[in-house]
Amino acid sequence: MPAPIDVYLAMHRAVLEVMSEDGEVEGLLVHYAYPSADGFDLVEVWESKEQLDAFNREVFPKAMERAGIPMGERQPEPVEFTPTVVMTPRVFSSDAG
């Protein structure tokens, strides 16, 4: 996304605020943001496209308004894929036997 990382941070804060008022977002499995050459990129994994669409319809516009960020005419296009391997990190404890 061609915007400074401060824009992402404002977006993220606003989304968290809206979620704390409206309740948890259903279906979001992974959210990862990282700096890119022209700003930042996002990778999200959702349980379904319908849940992503609900987030984009119900939560995201409220968050953008709250952050004072214009939505603009062009929104990022989701790329659909089916993961072939899903790994979760194992948590190690010092008192594990």
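Some notes on this structure:
- Of the listed requirements (1) touching a helix residue (DSSP H, G or I) at 6+ places or on another chain (Cβ under 9 Å); (2) modelled with pLDDT of 90 or more, LEU42 misses just one: (2).
- Any hit, region 9-24, residues being of a type in the set (Val, Ile, Thr), in a helix (DSSP H, G or I) and surrounded by 10 or more Cβ atoms within 10 Å (Cβ to Cβ): yes
- Cross-chain or 6+ apart pairs with Cβ under 9 Å, region 57-85 first and surrounded by 10 or more Cβ atoms within 10 Å (Cβ to Cβ) and at pLDDT below 80, then of a type in the set (Asp, Glu) and not in a helix (DSSP H, G or I): PRO78/GLU44
- Unique match (being within 15 Å of PRO4 (Cβ to Cβ) and among the aliphatic types (A, V, I, L, M)) among ALA63, ALA37: ALA37
- Among residues of region 42-63, those that are closer than 17 Å to MET11 by Cα and not in a helix (DSSP H, G or I), counted: 4
The values are calculated or read from the model by the stated rules, or taken from the named source; none is laboratory data. Note that the structure is a prediction, hence the values are computed from the model and not measured. Because the Cβ atoms are built from the backbone with ideal geometry, glycine has one as well, and the counts that use them run over all protein chains shown.
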